[in-house]
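Working notes, structure below.
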Amino acid sequence: MLLFVDPQSGVPIFRQLMDQVKLHIASGMLKPGDELPSIRNLSVPLGVNPMTISKAYNLLVHDEVLERRPGRPLVVAPMDSHEIADRRDAQLRGGLNPAVNLVRQLDISHEEAIRTFKSMLEETGSTQPAEED
């Protein structure tokens, strides 16, 4: 699992870690039952206070993203295919929110925005063919 932090981003480090774990789950990089690194094993290479990682992990447990097992590492919580799809959709929507706001601010038509989005997907070598409306 690849995690990184950017102390200059303006986003709290615990939030950056939470978002990355959720993204890894939504992308399938982390699957239900996969173990997460211990707080100590993650804090040293990232140069992050262990309490920050503990906060991120505790919030992910509270959100039922991770599952705590006494005396053992945290694991990705069990999820059915609908929950995984919902998490993927939430990640995509979160990433697209700034673009949607920009489209509105620039007063760009939906059709033009969709055309641009499809074009960008094709330019970046998307693995999925664009679907027609």
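Bear in mind these aren't lab numbers, they're just calculated from the coordinates by the rules spelled out. All values reported here derive from a predicted model rather than from experimental measurement. Ideal geometry is used to build each Cβ from the backbone, glycine not excepted, and the neighbour counts take in all protein chains shown.
Under 8 Å for C-alpha pairs, at least 6 residues apart: give me the relative contact order for the chain, rounded to a whole percent.
That works out to 22 percent.
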Which of Asp34, Asp6 has the fewest other C-beta atoms within 10 Å, and how do the rest follow up to the most? Asp6, Asp34
Restricting to Cα atoms and excluding each atom paired with itself, what does the Kirkwood estimate give for the stretch 81-123 in Å? 11.6
Give the average over all directions of the projected area of the C-alpha convex hull of the stretch 13-76, one decimal, in nm². 4.0
Projected label distance in nm at Ser109 and Ala90, using a 7 Å step from Cα toward the beta-carbon: 3.6
Using Cα-Cα distances under 8 Å and only pairs 6 or more residues apart, what relative contact order does the stretch 13-76 have, in percent? 42
Shape descriptor, the chain: equivalent ellipsoid semi-axes (Cα gyration tensor, sqrt 5λ, whole Å, largest first) stand at 33, 18, 13
Within a Cβ distance under 15 Å of Asp86, other residues only, what is the Lys/Arg minus Asp/Glu net charge? -1
